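Right, one structure below, let's go through it.
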């Protein structure tokens, strides 16, 4: 009976780690300030679990570790595909610190390891964001395209030659897109009087729910009106641009140089990355 209760407590500790992971994903990793706390929280909770269960569990420590880490591994496995693969780091970090907490017997040594580990982990947050939301510098061949704005204009890629072009692909149902648009709006406001820069927000039909038709141009216009956005708005109803630029999800922001080559792809948005600064630096680089 005692062993069964001990096992249930170990599993409950695992669900505490799951709660910490959701706190990180939904709050800490989305703040430029709190991002530095994301990994220290995991390290501290994992270390505390290991330190406690390594001394109190009626089960072999290895089994306690497995029971404690299993719920987080199961949850994190849902994110092990596509651009979310870096989430595998969370159960690995938790596992390491559970083992450290359970194997270090001297209190002073345990405190020293935890402090040093947390200092190192603090700097891992921004690095993790770069893995999760990459913004690689690329040089891709120009892709002929045509933009259809919601006010009836048709703009070809030839008309944009000689200008740096920012294309932000988004959707009204996409929560990261909703958080990203203010940063793109600020870039537009900062460059709207520059003849060598053009910024467009492109709403499309891509959806993450099978069977749903995605956005409509009317829905996109209403969302922009409600949010007070003034970025030139285009509509990709046939998903032509999505396929042409081989998009992997929303939001996807592309920066094209003066010859139409794609020079940067920023896929996704967390909130802790300085997207506005990143775009402005890229514009400056392309201007030479």
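Read-outs: derived from the displayed coordinates by stated rules, not from any lab. Treat the numbers as computed from the prediction; the structure is a model and nothing was measured. Note: ideal-geometry Cβ built from the backbone for every residue, glycine included; neighbour counts use all protein chains shown.
Give me the percent of DSSP beta bridges within the chain that run antiparallel, rounded to the nearest 5.
In the chain, approximately 60 percent of DSSP beta bridges are antiparallel ones.
Under the rule of -39500 (n - 2.57) per DSSP H run of 4 or more residues, summed and divided by the residues of the chain, what mean residue ellipticity at 222 nm is obtained, to the nearest 500 deg cm²/dmol?
It lands at -16500 deg cm²/dmol.
When a/c reaches 1.5 or more, the comparison of a/b and b/c decides; with that in mind, is the stretch 46-196 rounded, prolate or oblate per its Cα gyration tensor?
Values: a/c = 3.85, a/b = 2.89, b/c = 1.33.
Since a/c reaches 1.5 and a/b is larger than b/c, the shape of the stretch 46-196 is classed as prolate.
Could you give the nm distance between label points at residue 225 and residue 239, where each point is 7 Å from its Cα heading toward the beta carbon?
2.8
Once you order the gyration tensor axes a ≥ b ≥ c over the Cα atoms, which shape class does the stretch 2-132 get: rounded for a/c under 1.5, otherwise prolate or oblate by comparing a/b with b/c?
Numbers: a/c = 2.39, a/b = 1.38, b/c = 1.73.
In terms of gyration-tensor shape, oblate.
Of the listed values [x] 23.4, 76; [y] 20.0, 57; [z] 18.6, 56, identify the label whose number matches Rg and Dmax of the Cα atoms in Å calculated from this model.
Identified label for the calculated read-out: [x].
Just to verify a number: FRET efficiency for residue 127 and residue 2, C-beta to C-beta distance, R0 = 45 Å, to 0.05?
Once the sixth-power term is evaluated, E becomes 0.55.
Taking 22 Å as R0, compute the FRET efficiency from the Cβ-Cβ separation of residue 92 and residue 33 and round it to 0.05.
Calculated value: 0.30.
Return 283, 119, 98, 202 ranked ascending by Cβ neighbour count within 10 Å, so the fewest neighbours appear first.
119, 283, 202, 98
Just subtract the alpha-carbon distance of residue 276 and residue 58 from 0.36 nm times their residue separation and send over the number in nm, one decimal. Display every interim value, and only then the final one.
Values: separation 218, 0.36 × 218 = 78.48 nm, distance 5.30 nm.
Separation in residues times 0.36 nm, less the Cα-Cα distance, equals 73.2 nm.
Compute the distance in nm between two label points, each set 7 Å from the Cα along the Cα-to-Cβ direction, one at residue 140 and one at residue 175.
My value for the distance between the label points is 2.7 nm.
If one computes the Cα centroid of the stretch 39-82 and of the stretch 233-266, what distance in Å separates the two points?
41
Let me know the Kirkwood hydrodynamic radius for the stretch 144-254, please, with Cα pairs as the basis and the value in Å to one decimal.
14.2
What ranking do 266, 179, 148 get, fewest neighbouring Cβ atoms within 10 angstrom at the top? Display every interim value, and only then the final one.
Values: 266 22, 179 15, 148 18.
Ranked by crowding around the Cβ, least crowded first: 179, 148, 266.
Using 1/(1 + (r/R0)^6) with R0 = 30 angstrom and r between the beta carbons of residue 186 and residue 157, what's the FRET efficiency to the nearest 0.05?
Efficiency, from the Cβ-Cβ distance: 0.75.
Suppose the Debye formula is applied to equal point scatterers at every Cα of the stretch 139-196; what is log10 I(q)/I(0) at q = 0.23, 0.27 Å⁻¹?
With one equal scatterer per Cα and no solvent, log10 I(q)/I(0) is -1.21, -1.23.
Order these by the 10 Å Cβ neighbour count, fewest first: 286, 131, 72. Could you put the intermediate results ahead of the total?
Numbers: 286 17, 131 13, 72 24.
Ranking 286, 131, 72 by Cβ neighbours within 10 Å, fewest first, gives 131, 286, 72.
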